[in-house]
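The values are calculated or read from the model by the stated rules, or taken from the named source; none is laboratory data. Note that this is a predicted model, so its numbers are computed, not measured. Positions of Cβ are generated from backbone atoms using ideal geometry, with glycine treated the same way; all protein chains shown enter the neighbour counts.
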Amino acid sequence: MPRTVTVGLDGSPESRAAAEWAAREARLRDLALKIVHIWEPVPDPIAQAPLLGSETHQHWTERIPREAADGIRLRHPGVKVTSEHVDGRPSEILVEATRNAELLVLGSRGLSGIGGFMVGSVGLAVVAHAECPVVLVRALELAADEHEMDPAGIPSAATPFRPVVLGLDVESPNEELIEFAFAAAARRGTSLLVVHGWNPPPYYAYGLAADLELHAELTRRETTALTEVLRPWREKHPDVEVTEEPHYGTPGNHLVDASREASLVVVGRRVRRSPFGAHIGPVTHAVLHHSTAPVAVVPHH
């Protein structure tokens, strides 16, 4: 089965923004776009009510997916678009869809201003269990938002892409995560900003504020470690300009700050088999809720 960029669609503004982003990404990757429209069944007595009768069901299960696919074909010529309708629980269907997808794209409600995302329970459940990378796109996200301003200071999709931002832990760097970020930057013809947040070991913490020399030494150590991790990737992707930013403090805060000038933020999710269920991790969780750019979550071992 050919791999696709797959997007979940429910007719909401955030899912429509996700579908547009997914179509642009499909073109960048030279892949087909698959639209998965999900109808969550309601109890029979409610389903037979006048507002949720057979005509409404037909509208949601046939007309909306068809019109969405036709609109994307019109706005994104050259992208092969397929669509399917599935009845069931959205989180279960979308997790299942990740088994045959190169990438899954979902919408997320945006907060006012630069407040970031609101990631609902379905989105979090899918991110936590997905077998492929998942991208969250906020409502009203436009193509121009991922690009630099034009010379007149006007948003434009004709200008170069903003940088891709990668959140990286140098103590446990993962090849799948790093490759995803470099490839995303290469496809966009843009630079890669690698953000590494670090904190001193517990036994250093009490004396750090007063000991500037110690702070400088720890900073040099983290900078060297980051450079060494990225060295082979710079050689593999010589056309991608890389900027390294090791920062003292909470990684999530630094990634959220960097998201304001990014086209895409890339973070990881370690796959853990736990009796208490899957976990996203505090850094990725913070970025999902507060990034102002689309966020790609890459599962890895």
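Within the range 241-257, the residues that satisfy the criterion of being buried (at least 18 other Cβ atoms within 10 Å of the Cβ) and assigned to a helix (DSSP H, G or I) are PRO251, GLY252, HIS254, LEU255, VAL256. Among the helices (runs of 4 or more DSSP H) confined to the range 1-108, the ones with at least 3 residues that are closer than 20 Å to VAL297 by Cβ and modelled with pLDDT of 90 or more are located at 13-29, 90-97. Note on the range 154-170: residues that are free of Cβ contacts under 8 Å to residues at least 24 places away in the same chain and either over 21 Å from the mean Cα position of the chain (by Cα) or surrounded by 14 or more Cβ atoms within 10 Å (Cβ to Cβ) (or both) amount to 5.
All conditions in (1) in contact (Cβ under 8 Å) with a residue 40 or more places away in the chain; (2) not in a helix (DSSP H, G or I) hold for PRO238, with the sole exception of (1). Can you name the residue in the range 109-134 that is more than 19 Å from PRO13 (Cα to Cα) and of a type outside the set (A, V, I, L, M, F, W, C) and, of all such residues, is modelled with the highest pLDDT? Here the residue is PRO133.
Count of the range 141-190 residues, restricted to those that are modelled with pLDDT of 95 or more and in contact with a Phe, Trp or Tyr (Cβ under 7 Å, 6 or more places away or on another chain), is 7.
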